[in-house]
């Protein structure tokens, strides 16, 4: 059986989530790093017609969209299930993943982390208005993650799930921004959750150099 291949920059939150799923399952994989030019190249557009990441291949099967890739990984490889069997926990997992795609990524990854961490490295001016607008939206996301998790150690129960693997890169980057002390101080459960996630081997072996 061939090793799975993930296409995209290691620092992408969505690429990282796909790789976290593989690492949690104990599956060795290859990362084909792409820059912006590579994402618009014909060979990548054949993998992903919108020129986004991640794209994924395994034994001749191609796939894109992070949630689809992560679910495939969980179903294709038998160890360490990443989707709860309990209906309520399964539904909460899906809810958190939907929040990431619909609200949290734009607020945390783009509105705060990109502006604070990436834009300066690219010689771009930080959009302070975008940051200011994103902080309240990020706080709503964090509050909802805490509410959904309740007293559980992870976001959809007592075991790590795909939901945790989608949220983890966002909070890792958020924690590196000047907004982190005030923002995370309002959400102590998410601070404790992030420490648990960061201690996992899957997180440590996939964390991008930034």
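Bear in mind these aren't lab numbers, they're just calculated from the coordinates by the rules spelled out. Predicted, not measured: the structure shown is a model, and the values here were computed from it. Cβ atoms come from the backbone with ideal geometry, glycine included; neighbour counts cover every protein chain shown.
When Cα Rg over 2.2 N^0.38 Å is calculated for this entry, the matching label among [x] 0.95; [y] 1.00; [z] 1.05 is [y]. Shape call for the range 69-151 from the C-alpha gyration tensor, a ≥ b ≥ c root eigenvalues: rounded (a/c under 1.5), prolate (a/b greater than b/c) or oblate? Because a/c hits 1.5 or more and a/b fails to exceed b/c, the range 69-151 counts as oblate. Modelled label positions at residue 186 and residue 88, each set 7 Å beyond Cα in the direction of Cβ, lie 2.8 nm from each other.
Cα centroids of the range 81-112 and the range 60-79: how far apart, whole angstrom? Distance between centres, Cα-based: 17 Å.
Annotation: the residues 90, 36, 154, sorted from fewest to most other C-beta atoms within 10 Å of their own C-beta, follow the order 36, 90, 154. Hey, in the GNM for the chain with a 10 angstrom Cα cutoff, which one of 62, 17, 106 fluctuates hardest? Answer for the Gaussian network model of the chain: 62. Among 153, 24, 37, the largest mean-square fluctuation in a Gaussian network model of the chain (Cα springs under 10 Å) belongs to 37. Taking 157, 60, 11 as the candidate residues, the one with maximal mean-square fluctuation in a Gaussian network model of the chain, Cα springs under 10 Å, is 60. For residue 110 and residue 143, a Förster radius of 25 Å and the Cβ-Cβ distance give a FRET efficiency of 0.80, rounded to the nearest 0.05.
Each helix, a run of at least 4 DSSP H residues, gives -39500 (n - 2.57); summed and divided by the residues of the chain, these come to -14500 deg cm²/dmol at 222 nm. In plain terms, the chain from residue 127 to residue 153 could stretch by 5.8 nm, reckoned as 0.36 nm per residue minus the Cα-Cα distance.
When the Cα atoms of the range 5-76 are aligned to their principal axes, the ranges along those axes come out at 31, 24, 18 Å in descending order.
Below 8 Å, C-alpha to C-alpha, sequence gap of six or more: please give me the relative contact order for the chain in percent. Dividing the mean separation by the residue count of the chain yields 23 percent.
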